[in-house]
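Please read the structure below before turning to the comments.
The values are calculated or read from the model by the stated rules, or taken from the named source; none is laboratory data. Quick caveat, the model's predicted, so the values are computed rather than measured. As a convention, Cβ positions derive from the backbone with ideal geometry for all residues, glycine included, and neighbour counts pool all protein chains shown.
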Amino acid sequence: MEIIKDEKNLIIKIPLKQDVFDYFGEEVIGTSNNIIGLIESDKFGFAYQIDMSYKDKAPQWTPIFLHIWQGTTNDFKSLCKKLGIDIYEYPLCSKCGKPIYGACTWKDGGEVCFKCDRRHLIR
């Protein structure tokens, strides 16, 4: 990452790609995306993508590091498309409407977060 400024702007340069290493972290076997657009219900912005291919797993993401506060979700999707950046939209719980960040269950025709699934057990 490089951070510079000119007379009017702070300029942050973030590489769009990252090297992918083998299981032992020694040999570069390709590249993968470094940045992803994340949509978490009504919050959206950019996050780092963590390559997990060395463990034969799907990528993971950091929390959003650059929130986009203006516009709509569709505006953000258009921006990502224009920039050539992939997007991941977290599924929403069909009971409480909050983003589901991990495992969930399927009940009554929709995805349900762990908290709502276990609500009847909490006294």
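Looking only at residues that are hydroxyl-bearing (Ser, Thr, Tyr) and more than 14 Å from ASN33 (Cα to Cα) in segment 78-99, which one is modelled with the highest pLDDT? Explain how you work it out, then say what you get.
Just the residues of segment 78-99 that are hydroxyl-bearing (Ser, Thr, Tyr), to begin with: 78, 88, 90, 94.
Those left that are additionally more than 14 Å from ASN33 (Cα to Cα): 78, 90, 94.
On the way: SER78: 97, TYR90: 93, SER94: 91.
Looking at the filtered set, the residue picked out is SER78.
Would you check which residues across segment 76-99 are surrounded by fewer than 16 Cβ atoms within 10 Å (Cβ to Cβ) and over 17 Å from the mean Cα position of the chain (by Cα) and list them?
LYS82, CYS96, GLY97
Would you mind finding the one in GLY102, GLY109 that is without any contact (Cβ under 8 Å) to a residue 40 or more places away in the chain, surrounded by fewer than 13 Cβ atoms within 10 Å (Cβ to Cβ) and either closer than 26 Å to ASN34 by Cβ or polar (S, T, N, Q) (or both)? Can you show your working first?
On the way: GLY109 fails: either closer than 26 Å to ASN34 by Cβ or polar (S, T, N, Q) (or both).
After applying the criteria, what remains is GLY102.
How many residues does segment 1-27 contain that are charged (D, E, K, R), over 13 Å from ASP51 (Cβ atoms) and surrounded by 11 or more Cβ atoms within 10 Å (Cβ to Cβ)? Talk me through it step by step, then tell me what you get.
Restricting attention to segment 1-27, the residues satisfying the condition of being charged (D, E, K, R) are 2, 5-8, 13, 17, 19, 22, 26-27.
From what is left, the residues that are over 13 Å from ASP51 (Cβ atoms) are 2, 5-8, 13, 26-27.
Among the residues that remain, those that are also surrounded by 11 or more Cβ atoms within 10 Å (Cβ to Cβ) are: none.
So the answer is 0.
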